[in-house]
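Contents: one structure, followed by commentary.
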Amino acid sequence: MIESLLVANRGEIARRIIRTAKRLGVRAIAVHSEADADLPFVAEADEAVCVGPANPALSYRNVEAILDAAKSTGAQAIHPGYGFLSENADFARTVESSGLIWVGPGADAIAAMGDKINARNLMAAAGVPVAPGTTEPAADLTAATAAAAGIGYPVMVKAAAGGGGMGMGVATDEAGLRAEYDKVRAFAERMFGDGSVLIERYFPRVRHVEVQILGLADGRVVAIGERECSVQRRNQKLVEESPSPAVDPQLRERFLAAAVRAGEAVNYRNAGTVECLLDPATNEFFFLEMNTRLQVEHPVTELVYGIDLVAEQLRVAAGLAPTFDPAALAARGHAIELRINAEDPKRFIPGPGAISTWSEPAGEGVRVDSGYVAGNTVTQFYDSLMAKLIVSGADRAEAIARAKAAVAAFEVAGPKCNLPFFAELLENPEFLSGDYDTALVTRMR
């Protein structure tokens, strides 16, 4: 097993990785910005190094500072968490060329899946279903309109280098396409340094279902169940659950087989997620993207399958066999994750601030992965996620009942908080039925 691990991240995910590392006897090293010096993950690490000011470009994305911290602390490996540098192929290569262990997929796999058009083409060649769309960037408006005419409206206009629901727009006709093309292209150039745009069929009613994969040290790729991620605002996930209430055993078998083919196509190692769109009218699904990292929503898979995915990541990175039998994986019960954000519960606008009250729920089937405690400040410099409330039960009904009680017991004061939204969602007939789609939050608002 790895002996010392530097966690190149912050907040709840850094704290969560540190917790597993310490349980395994691995020395945990935190890096932090000046703004995060008082957060729990810094205090809970065995050692901590300040890598720069609040601006993430000067701290959490500062490759030189992070590598210097690894060198000065004698770190053997680096875990990037999610966001920041986690899907940066150049960073992964630099880590490994520096003689450190990279806890994640290989740089070639990251690069291959980082471009949506290249990823679509790879998946199609591997026999993974993809939605009708362009096989090369739409170089200009003429190419985009020709592609859309061939695909048929409505279409999705997407940044080829984007991810996490960013850089996307829907066009229902040519006039809309012209507006969205320019908007997405400008956004992609500004955010990703790459203005490439792809055109893809848009499904008005669709569900977002993803499969957790783990590429083992011996070369095998294992699929560890699916997650439903259709409760979203502005293409950003708010709630995830496993198993998906939309997936029956036959469809599940197809999902898992496709996800394994996707991983095998890029010689995938370590944890990753194959994201798909599911048409509930036909039970057809299409590859959306592959996240070449640990996902925010990984805890629901952990609770349903009884696996510590961070521990398995460390084992793969160390060249060790998994702690579980891949041939005997079995789901037990149901789990739901709610993302507790510092944002207005009606308009979902971020509302950072000092935390005056922070009281977490507890009890059977309740887990909280939090990044803050009372007295900390949620700043404007980073994502609004404060904690993840994860509940589990023998079935979906029990998990929902526990979620209702946990939301009612969770007390947060100071910054704005979206807990009232979850109280509303957990009484929503559409959500309770399990027959919902990605437009659910829009209909609620």
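List pairs: first in the range 383-397 and acidic (Asp, Glu), second surrounded by fewer than 19 Cβ atoms within 10 Å (Cβ to Cβ), Cβ under 8 Å, 6+ apart or cross-chain? From the range 383-397, the pairs are Asp395/Gly333.
Can you tell me which residue among Ala406, Ala401 is assigned to a helix (DSSP H, G or I) and surrounded by 21 or more Cβ atoms within 10 Å (Cβ to Cβ)?
Criteria check complete, one pass: Ala406.
As a summary of the residue check, Val7 satisfies the conditions (1) out of contact with any strand residue (DSSP E or B) (no Cβ under 7 Å at 6 or more places or on another chain); (2) crowded, with 24+ Cβ neighbours inside 10 Å except for the one numbered (1). Within the set Ala77, Ala89, the sole residue that is free of Cβ contacts under 8 Å to residues at least 60 places away in the same chain and within 25 Å of Pro105 (Cα to Cα) turns out to be Ala89.
Could you list all residues from the range 433-443 that are exposed (fewer than 15 other Cβ atoms within 10 Å of the Cβ), part of a helix (DSSP H, G or I) and of a type outside the set (Val, Ile, Thr)?
Going residue by residue through the range 433-443, those that are exposed (fewer than 15 other Cβ atoms within 10 Å of the Cβ) are 433-435, 439, 442-443.
If we keep only those that are part of a helix (DSSP H, G or I) too, we end up with 433, 442-443.
Within the range 433-443, Ser433, Arg443 meet the criteria.
The single residue among Arg339, Arg367 that is of a type outside the set (Ser, Thr, Tyr), in contact (Cβ under 8 Å) with a residue 24 or more places away in the chain, touching a Pro at 6+ places or on another chain (Cβ under 9 Å) and assigned to a strand (DSSP E or B) turns out to be Arg367. Candidates in the range 380-398 are the residues that are more than 21 Å from the chain's Cα centre (by Cα) and part of a loop (DSSP other than H, G, I, E, B); of these, the one that is surrounded by the most Cβ atoms within 10 Å (Cβ to Cβ) is Ala394.
Counting the residues of the range 210-256 that are closer than 15 Å to Glu337 by Cβ and hydrophobic (A, V, I, L, M, F, W, C) gives 4.
Conditions tested, residue by residue: (1) among the acidic types (Asp, Glu); (2) surrounded by 22 or more Cβ atoms within 10 Å (Cβ to Cβ); (3) modelled with pLDDT under 95.
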position	(1), (2), (3)
Asp308	yes, no, no
Ala321	no, no, no
Pro326	no, no, no
Leu338	no, yes, no
Gly351	no, no, no
Ala354	no, no, no
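Residues in the range 30-39: is at least one under 22 Å from Gly104 (Cα atoms), aliphatic (A, V, I, L, M) and in the same structural domain as Gly99 (by TED's automatic domain parsing)? Checking the range 30-39: at least one residue is under 22 Å from Gly104 (Cα atoms), aliphatic (A, V, I, L, M) and in the same structural domain as Gly99 (by TED's automatic domain parsing). Is the range 41-59 home to any residue that is at pLDDT below 95 and either crowded, with 22+ Cβ neighbours inside 10 Å or not assigned by TED's automatic domain parsing to the domain that holds Ala265 (or both)? No, there is no match, as no residue in the range 41-59 is at pLDDT below 95 and either crowded, with 22+ Cβ neighbours inside 10 Å or not assigned by TED's automatic domain parsing to the domain that holds Ala265 (or both).
Hey, can you tell me all the residues within the range 176-201 that are small (Gly, Ala, Ser) and modelled with pLDDT of 95 or more?
Gly176 - this is the single residue of the range 176-201 that is small (Gly, Ala, Ser) and modelled with pLDDT of 95 or more.
The values are calculated or read from the model by the stated rules, or taken from the named source; none is laboratory data. No experiment lies behind these values; they were computed from the predicted model shown. Please note: Cβ atoms are built from the backbone with ideal geometry, for glycine as well, and neighbour counts cover all protein chains shown.
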